[in-house]
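A short write-up of the structure that comes next.
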Amino acid sequence: MAASATIVLLLPLLHRGMASAMVLRLLLLMVVVVSCAVAADEGSVVEVWPMPATASKGGQTLHVSRELKMTAEGSKYADGKAILKDAFQRMVTLIELDHVINGSTQGLPVLAGVNVVVHLPADEVKPDELEPAGLTDCELMLNFGVDESYNLSVPATGNPIYAQIEAQTVFGALHALETFSQLCNFDFTSRLIELQSAPWTITDVPRFPYRGLLIDTSRHYLPVPVIKSVIDSMTYSKLNVLHWHIVDEQSFPLEIPSYPKLWNGAYSYSERYTMDDTIDIVQYAERRGVNVLAEIDVPGHALSWGVGYPSLWPSATCKEPLDVSSESTFQVINGILSDFSKVFKFKFVHLGGDEVNTSCWTSTPRVKAWLAQHGMKESDAYRYFVLRAQKIAKSHGYEVINWEETFNNFGDKLDRRTVVHNWLGGGVAEKVVAAGLRCIVSNQDKWYLDHLEVTWDGFYMNEPLRNIKNLAQQKLVLGGEVCMWGEHIDASDIQQTIWPRAAAAAERLWTPFEKLSKEWEIAALSARLARFRCLLNHRGIAAGPVTGYGRSAPAEPSSCIKQ
């Protein structure tokens, strides 16, 4: 307890930007001391991230068969797209970690396989078969609100011994396989994969349905393999929405078939995504249980649009926001969202709406005259633009997410299905849900990954439901999202900037509130997170040290679990 108290006293120094090498080393020392104490009572530790809703374990060690099998006895899911089969093979690869598995299992208890039971047929059902079966789209297909719950049991005895996974959908089963993989480790004595502490019984369900990570491919281009690596890393902590901030004022890297000159705004000829690239990324994510949320930020943050279509600028000398007076502006938005609807199947689209400087509209005579003709002030035109863009998105079957400025300026005029994306600070979510709108939390002081001064514990302790006591209003908070804005990151350092801090937020969004660690439990929590960070490193994800600020380097030579 004394060590924990010391750490709590030291943390405010880190938050106020007063950390020195000595403060960091003291914090590290306290973490190591308490971690060793925690390790002495391994019976109380569940080394799974994020922490499951419930978990119990025993004391038996099993040895995983080199021919580990997956069966599906009792399952209604035919796996026609091989989503489950491929996930199982990826899981086996992860637990082997490229080690040579050549030990003998003779005379040892062997885990022979995993039986996976999925109760709903999911993607095997055609749309016209849903209603007769009493099912809905969101119950079956990957989208917002899909059932991600699962049960995982690993017996200590049997002949043969099989782990059992049960889930309503294949996407819950994917989470169960990830949890199973974290129970396994390579034993350097036996040269086998071990699963310790059997029998295991785990029941799990996410706290929030929306658990997101934003990437920004406008400020710096991210090659397709890098995006796929980010998607893979998301699944390890059960994040389920990749918010793709595709374009911004700096560049427009995406092919839009309806308006093929838009990607003239890319940084270069090679820093682009074709529509086939985009389909590939979306399908790659879907097969891993990750939704892709596409964003076009309008009317601001859109200077790059005019490189290919200069008429979208108010004038050649005043280039954003987009020209509110021109019908062609909304025709282009309609074309983009029409093309999006063929690729991005997530029920939401993000239309931005933040940081709109409307001075170009009044300093451009033609636009100023249009405002006067329609009896609009700049604020009226801003509202008109956002609401018209919302209607276009709705016409293509989307529900709309907007950044919080839209709510702050004209919240009572927003479409009542609007999801307000909080980013400016705390206290916004409670106002949004009190107004009857839905909300996603990403307050920049805690959940912006480009804020390197925010340490992992700040990410962990950021509570989306803070000060929201009404149960009906709590349900309007869909979840949260950590944001990896791209001004100062690219393919060379994105992963070590995201991880492990994003994992801290991931547990906040997945684990039941009552199971989350409290501030006085920071030492034990740090030890768990350090182990998860080491697991990421073993899996090829360049997660930075837990100690220190975001994207920091190791302070000195030591074990991975002590950094």
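Annotations for the structure displayed:
- Diffusion coefficient (Stokes-Einstein, Kirkwood radius over C-alpha pairs, 25 °C, 0.890 mPa s) for the chain: 98 µm²/s, rounded to a whole number.
- In a fully extended conformation the segment linking E355 and L108 would gain 82.6 nm over its present Cα-Cα distance, using 0.36 nm per residue.
- The dipole here belongs to the range 210-522: it is taken about the Cα centre, uses +1 on the Cβ of Lys and Arg and -1 on the Cβ of Asp and Glu, and is about 1100 debye.
- Fraction of beta bridges assigned by DSSP in the range 210-522 that are antiparallel (%, nearest 5): 0
- Carbon + sulfur, % of accessible area of the chain - ligands and nucleic acids excluded, 1.4 Å: 54
- In a simple Cβ point-charge model (Lys, Arg +1; Asp, Glu -1; nothing else charged), the chain has a dipole of about 580 debye relative to its Cα centre.
- Size descriptors for the range 210-522 (Cα atoms only): Rg and Dmax, in that order, 19.3, 62 Å.
- Only protein heavy atoms count here; on that basis, with a 1.4 Å probe, E514 has an accessible area of about 140 Å².
- Less than 5 angstrom separates the built amide H of W499 from those of G544, all sequence-distant by 5 or more or on a different chain.
- HN-Hα J in Hz across the range 500-510 - Karplus 6.51, -1.76, 1.60, θ = phi - 60°, x for Gly and Pro: x, 4, 4, 5, 4, 5, 4, 5, 4, 8, 9
- Amide H contacts under 5 Å for G113, placed H, 5+ residues apart: K69, A163
- Fraction of C-alpha pairs exceeding 23 angstrom in the range 264-381: 39 percent, rounded to a whole number.
- Our helix-only sum for the chain, with -39,500 (n - 2.57) per DSSP H run of n ≥ 4 divided by its residues, gives a mean residue ellipticity at 222 nm of -10500 deg cm²/dmol.
- DSSP-defined antiparallel bridges as percent of all bridges, the chain, nearest 5: 30
- The amide H of R191, built 1.01 Å from its N in the peptide plane, has no neighbour under 5 Å, considering only residues 5 or more places off or on other chains.
- Solvent-accessible surface (1.4 angstrom probe) belonging to C560, in square angstrom, nearest 10: 40
- Candidate lysines - alpha carbon under 30 Å from K413, same-chain residues fewer than 8 apart omitted: K319, K342, K345, K347, K368, K377, K391, K394, K431, K446, K469, K475
- Cβ-based charge dipole, the range 501-563, positive-most Cα from G550, L525, L536: L536
- Largest to smallest principal axis extent of the C-alpha atoms in the range 336-432, angstrom: 40, 36, 19
- Accessible area per residue, Å², the chain with all protein chains present, probe 1.4 Å: 40
- Highest mean packing comes first when the peptides 535-548, 258-271, 483-496 are listed by Cβ atoms within 10 Å, giving 535-548, 483-496, 258-271.
- Positive dipole terminus of the chain, leading residue within W244, M484, S442 (C-beta point charges): S442
- Per-pair calculated FRET efficiency, R0 = 22 Å: K515 and Q474 via Cβ, rounded to 0.05: 0.80
- The alpha carbon centroids of the range 511-558 and the range 288-329 are separated by 39 Å.
The values are calculated or read from the model by the stated rules, or taken from the named source; none is laboratory data. What you are looking at is a predicted structure, and each value in this text was computed from that prediction instead of being measured. No Cβ is skipped: glycine too gets one built from the backbone with ideal geometry, and neighbour counts run over all protein chains shown. To get the accessible areas, we keep the full protein, side chains included, count just its heavy atoms, and leave off ligands, DNA and RNA. Shrake-Rupley method; radii C 1.70, N 1.55, O 1.52, S 1.80 Å.
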